[in-house]
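Below is one structure; the comments refer to it alone.
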C-alpha cells in the first residue's frame, strides 16, 4: 500500500513541481479531441464540451502558473535545485506545451466555430503563439544544453522523459498549423511566415526526437524496461511521433490554400502545382509517423502488461501519471486527422475508439488527482527530497538555504498555533 504525506497549502506550493503542467497538456488534448472527433464534431454539444474542457484547462494553467511564480519568487533557491535535477528540469517543457493546447482550441473552436473576438482575437492568439514558440526554443536549446553541461546521465537510467524538451518545438509547430487557414483568410503574408516557422520547428523537433528515440530503444534492448512506476513513461514516444505527424498533416491541409504565393517569381513558391505536391509529401510523411507511433504504442502496451504481471503492490499515484494522457491524445488526433484526409473508415473507427479510451483515462487520473489534492498528497518535488548534491558547492549552498527557510517557516507556523 502506498504511503502519502499530508501537506498544508504552503508546503504543497513548495512541492509544486513542473510536472504539474502535464495536467494542462492532458486536459488540452481532450479538448482538441472533442473538437476533432470523427462523429458529430460540428454539433453544438461537442463544441460545448470542447469549450468546457478549454476553460477548465485555462483555469488549471492560470492557477499552476500563479502558484509556480509564487514558488520561485518566495523560494528562489528552489529554481537552481530544480534546474540541476536531471529529471524534474525536463518537465519545464510541459509549460509551453500546455499553453499551446489552449491556443489551438481557442483558434479552432472559439474563433473559427463561434466567431469569437474577430480579427483582433486572432492576432492575439498569433502573438501568444510567437511567445509560446520563443519559450519552446528556450526549452529545446537551453534545456538540452543544461543536459550537456550540468546533468549526470547514465544510459541505464535513461527514460523517455529526455524527449520532453524537444517535443516543445513539435507542439508549437502544430499550433502554428492550426492558425494557418484563419491567418491566410486575413493576411496571406502572415500565414506564409507562420508556415515557414512551423516547418522549421517540426523539422528540428522530430530530428532530435528520433535521435533520442534511437538511444531509448538501445536502452530498452540492453537494460530492459524501466522499473516500477517509471514504466508509464513508455507511452511518451507517442508524443513526438504522433504530434509531428499531426502538425505535418495540418500543414498538408493548408498547403493547397497557401500555395502558390501571390506575386512570387520563385519556381517553387510561385508554382500552381506546388500546393498539391506539398500536400502529397506531407500526407505520406504523416502516415510514416503514424506507423512509428503505432509501433511505440504496441511496445508500450506489451511492456506495461509485462510489468503489471510482475508487480504485486501496484504503483502509487503521482503527478507523472498525467504524462500518459497527452501522448495517447495526440495519437488519437493524428489517427482521426488521417481519416479526414484519406477518407479511410479504419482511421475513423480506430481514432474514435482510441479517443474514447483516452477520455476514460483522463477521467480516472483527474478524479484521483482531485481526491488527493485536498490534503496535498500528490505534491512532491524530488529536487527537495534528499537528492545527491555531489560536489557542487553553489548547489549545496542553495539547498542549505532552502532547508533553513522551510524549517523557519515550520517553526513560525507552530508558534502561531500555540
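Values quoted throughout were computed directly from the atomic coordinates according to the rules given, and no laboratory measurement underlies them. Here the structure is a predicted model, which means the values were calculated and not measured.
Using alpha-carbon positions, what is the distance between the centroids of segment 182-253 and segment 122-173, in Å? The distance from the Cα centre of segment 182-253 to that of segment 122-173 comes to 11 Å. Helix 188-223 axis versus longest C-alpha principal axis of the chain: approximately 50°, rounded to the nearest ten. For the chain, the relative contact order works out to 23 percent when only alpha carbon pairs closer than 8 Å and six or more residues apart are counted. Helix 164-186 and the long axis of the chain differ in direction by around 40°, with both axes built from C-alpha atoms. Every helix of 4 or more DSSP H residues in the chain counts as -39500 (n - 2.57), and over all residues that averages to -24000 deg cm²/dmol at 222 nm. Considering only 368, 157, 318, the Gaussian network model of the chain with Cα springs below 10 Å gives its largest mean-square fluctuation to 157. Here the contact order of segment 241-297, divided by its residue count and restricted to Cα pairs under 8 Å and six or more residues apart, works out to 47 percent. Just checking the listed ones, 310, 348, 80: in the Gaussian network model of the chain with Cα springs under 10 Å, the one fluctuating most is 310. Between the Cα long axis of helix 238-258 and the first principal axis of the chain there is an angle of about 30°, rounded to the nearest 10. Read through the labelled values (1) 1.14; (2) 1.59; (3) 1.01 and report the label of the one computed as Cα Rg over 2.2 N^0.38 Å from the structure. Computed from the coordinates, Cα Rg over 2.2 N^0.38 Å corresponds to (3).
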